[in-house]
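The values are calculated or read from the model by the stated rules, or taken from the named source; none is laboratory data. What you are looking at is a predicted structure, and each value in this text was computed from that prediction instead of being measured. Glycine gets a Cβ as well: all are built from the backbone with ideal geometry, and neighbour counts include every protein chain shown. Areas reflect the complete protein model, heavy atoms only, side chains present, ligands, DNA and RNA absent. Shrake-Rupley method; radii C 1.70, N 1.55, O 1.52, S 1.80 Å.
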Amino acid sequence: MEERQKKSWVDRMIWVVVYRRTWIEKLFLLLIVLSLLCLPMVEINYDLTEYLPASTETKQGIDRMEAVFGYPGTARVMIRDISIYEAKIYKNRIEQIDGVDTVTWADTAGEIYLSNDFLEAQDLSDYYRDGNAVMDVQFVEGDSSRRTDRAIDEIKALIGDRGAYSGPALDSKMLKENLATEIGRVLIFSIVMILLILALTTTAWFEPVLFMLTMGAAILINMGSNLLFGRISFLSYCVAAVLQLAVAMDYSIFLLHTFTAERARGLDVEQAMENALRQASGSITSSAITTVVGFVALALMQFTIGKDIGFVLAKGILCSLITVLLLMPALIIRWHHLVERTRHRPFIPSLDGFAKKVFGVRRVFLVLCVVLVIPAFVAQNMNHFVYGGAAVGAGEGTQLHLDKAETDALFGQKNLVLALLPDQGSVVEKRLADELDALPFVRSVTSLPAMLPEGIPESFLPSGLTEMLHKDGWTRMLIFLSTPVETDDTFACLDQVRETVHRYYPQESYLLGSTSAAQDIKETITQDYSQVNGISMLGVALVIFLSFRSLTMTVVVMVPIEIAILFNMALPYLYGNQLIFLGYLMVSSMQLGATVDYSILLTSHYINCRAVTDNRREAAIRAISMSALSIMTSSTILTVCGYGLYFLTSITAAADLGRLIGRGAFFSMVLVLTLLPLLLTVFDRAIFRDRALWQRLAAKCPTPPRHSGHRLTSGHPDTSEEKVTVPSQREEASPSDKEELE
């Protein structure tokens, strides 16, 4: 091997990557094996309340209740075609199941303290109607506990097909059961579709296989390394692999095509790879950093699921970057002959004609954007959001959703609120229970003093019964509301309950349950929105500015993406759909970080073209022609993967997030190809004036050579050196450059 002078750490790293590639392959093989071993040990969290700040009522109340009583999971069970006395038998048998704490039904008070005639003398419409019985089940442990899951399985085995099951514990169990199979199905769909897309846009049959091997290694390493976090949220598990595959695919494509261009110059394989790494590493790294900045901004949320998702996704992009720059060169050198043997003619014709047509309608899209941007801004602020359990529940068409609808239709909605109160005596507690029971939206209140006949002391009861509601100086009260879990009216009802409770217990009283959690999530996450969006925009803008050294250019590059985000977020209101606020917040940062590279790529080509022509129109058309296939390929991959997640999963939060990501990628593609060229030509003088000013400043303070930040997805990369002079002062174009533009 001939000696090469290594002038910098970059050169030394490239030498190691190319000439010590066998070591690198063995290292990555070891990492993949370790990741496969670690993957089953990564825990998945399904409880959104765990990500609330410690200062919220829900978080404090859960910690207190877990220390005293444990925090129970809940479910609602309806039994069809049953007599009232059979229902009593089922209720008693359910209570005997391990993991079940209490079962609330018509006989909860009467069976213990009164005769069985109680059942016939009372109005049982809340519990028994038209031959159907409904019971509220509380479990010893939480909704996502394995013990709770086993108890649900036993209840289903006991009741069989006569039962209809709903509630938070069932939602959690459904998430666990569906997550692995559905995400696997989404990944298989995404892989097949990406292979088809790449087969159409690449020029060798083996190229897509090489890309998938590289991305597969990066995804496995990212998933296994999640063990560093201990556990991750179900939402991170749902979207991380699919987004990593869709967003980071470009890095491997850019490197391979740069290598192919170097081989076409007649260089040997190793020298061609050295040159390819030297040319492509800066652009790939800049692109990855842009995306990482958008994801890391999520980590600043008070609602810490943002940190969970942001770190998992950012780590995925970094794993992809490292895999492309270290492992993929070894794979390319090892299998380059397969790429060369499977060459085929391009399936996509020249896009010069397409570029002229797109540039010809630029003013139409400008008018549309100007006309629609204000209505879109208003519409996105009028979206109807959901925040808590409704955001992760069963989607329409699932058995769980059908069971809940059937139960609610017969017995009405029932919403459990748990009140955790300091024990101040049975008199105060009974007064509170009576006042709450009188509220029009309260269906029933269960408390120990309310269940005791007058004059009978609490010590008369078995300790096992009293400890369910009284323990260690605390009392637990079950308040059932006749409201949905999450609406503005429900939040107002909860505020009224809270005000009533605080009058009797002004200190250390807590309201817990799905509605309380959703209310706290709403208050927390809405405060996060402006901060996360602002930081992600500033971070991405800084990366763009460092790439182009022009403030005007930075604004121009970001405008089409921000308008695309605005249009994407306005559509749910126009459709009349509920929108998960968590997805609304996250997609703003994700769409910016994942698609701003479309703008960067087209802008980079525009600058290169302006270096050889004074004609702004000609430069813009050529930039569109050079960028269109790359942008359309990348956006199509992201759109297909996003909608694949939407159509193939029953997990509401993941499905809605997938649709927002897929639709956002499409809007970004359209506006970058149509609106951005117009903005570049309009602000051309200001852009080059900024760049010339920076060039003069840089001449006084020399800096090392840099790479412009852009990525390519298809076609051969533009490796011409970027010129930063004002067009009127540029060097004379070479004949080959003039011929290319002509």
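Checking Gly266 against (1) in a helix (DSSP H, G or I); (2) more than 16 Å from the chain's Cα centre (by Cα), which test does it fail?
Tallying (1) in a helix (DSSP H, G or I); (2) more than 16 Å from the chain's Cα centre (by Cα), Gly266 fails exactly one: (1).
Got a number for residues in region 473-496 being more than 20 Å from Leu582 (Cβ to Cβ), in contact with a Phe, Trp or Tyr (Cβ under 9 Å, 6 or more places away or on another chain) and in contact (Cβ under 8 Å) with a residue 12 or more places away in the chain?
7
Sort out for me the helices (runs of 4 or more DSSP H) sitting completely within region 270-377 that have 3 or more residues that are under 30 Å from Leu678 (Cα atoms) and among the hydrophobic types (A, V, I, L, M, F, W, C).
Hits in region 270-377: 352-360.
Quick one: in region 12-25, which of the residues that are without any contact (Cβ under 8 Å) to a residue 24 or more places away in the chain and over 36 Å from the mean Cα position of the chain (by Cα) is surrounded by the most Cβ atoms within 10 Å (Cβ to Cβ)?
Val16
Give the residue that is surrounded by the fewest Cβ atoms within 10 Å (Cβ to Cβ), with candidates limited to residues of region 609-627 that are within 36 Å of the chain's Cα centre (by Cα) and of a type in the set (S, T, N, Q).
Ser625
Scan region 54-75 for residues that are over 19 Å from Pro506 (Cα atoms), open to solvent by less than 20 Å² (accessible area, probe 1.4 Å) and assigned to a helix (DSSP H, G or I) and report the count.
Residues meeting the conditions: 1.
Of all residues in region 35-53, count the ones that are of a type in the set (Phe, Trp, Tyr) and assigned to a strand (DSSP E or B).
Number satisfying all stated conditions: 0.
Could you list all residues from region 200-216 that are under 28 Å from the mean Cα position of the chain (by Cα) and open to solvent by 40 Å² or more (accessible area, probe 1.4 Å)?
Val209, Leu213
Does Glu454 count as outside any helix (DSSP H, G or I), at pLDDT below 85 and under 30 Å from Asn383 (Cβ atoms)?
So Glu454 fails the test.
I'm trying to understand the selection: among the residues of region 128-153, which are farther than 24 Å from Tyr71 by Cα and open to solvent by 40 Å² or more (accessible area, probe 1.4 Å)?
Listed by number, the residues that qualify are Tyr128, Arg129, Asp130.
Which residues, taken from region 269-295, are modelled with pLDDT under 85, open to solvent by 10 Å² or more (accessible area, probe 1.4 Å) and under 26 Å from the mean Cα position of the chain (by Cα)?
Once the filter is applied, which keeps residues that are modelled with pLDDT under 85, open to solvent by 10 Å² or more (accessible area, probe 1.4 Å) and under 26 Å from the mean Cα position of the chain (by Cα), region 269-295 yields Ser286, Val293.
For Lys156, indicate whether it is open to solvent by 40 Å² or more (accessible area, probe 1.4 Å), assigned to a helix (DSSP H, G or I), among the basic types (Lys, Arg) and within 17 Å of Ile651 (Cβ to Cβ).
no
Conditions first: (1) open to solvent by less than 40 Å² (accessible area, probe 1.4 Å); (2) at pLDDT 90 or above; (3) at positive phi. Asp81 passes all but one, so which condition is the exception?
Failing condition for Asp81: (1).
Take Leu402 and decide whether it is modelled with pLDDT of 85 or more, in contact with a Ser or Thr (Cβ under 6 Å, 6 or more places away or on another chain) and not in a loop (DSSP other than H, G, I, E, B).
No.
Checking Ser459 against (1) assigned to a helix (DSSP H, G or I); (2) in contact with a Ser or Thr (Cβ under 9 Å, 6 or more places away or on another chain); (3) at pLDDT 90 or above, only one condition comes out false. Which one?
(3)
If you check Asn226 against the conditions, is it part of a helix (DSSP H, G or I), at pLDDT 90 or above, polar (S, T, N, Q) and touching a strand residue (DSSP E or B) at 6+ places or on another chain (Cβ under 7 Å)?
It is true that Asn226 is part of a helix (DSSP H, G or I), at pLDDT 90 or above, polar (S, T, N, Q) and touching a strand residue (DSSP E or B) at 6+ places or on another chain (Cβ under 7 Å).
Please state which of the following conditions Met632 fails to meet, knowing it meets all the rest: (1) aliphatic (A, V, I, L, M); (2) over 19 Å from Ala564 (Cα atoms); (3) open to solvent by 30 Å² or more (accessible area, probe 1.4 Å); (4) at pLDDT 90 or above.
Unmet condition: (2).
Which members of region 655-666 meet the condition of being closer than 30 Å to Ile687 by Cα and surrounded by fewer than 24 Cβ atoms within 10 Å (Cβ to Cβ)?
Phe666
Go over the candidates Leu585, Leu546, Leu579, Leu574 one by one and state the one that is over 20 Å from Met669 (Cα atoms) and either in contact with a strand residue (DSSP E or B) (Cβ under 6 Å, 6 or more places away or on another chain) or part of a loop (DSSP other than H, G, I, E, B) (or both).
The match here is Leu579.
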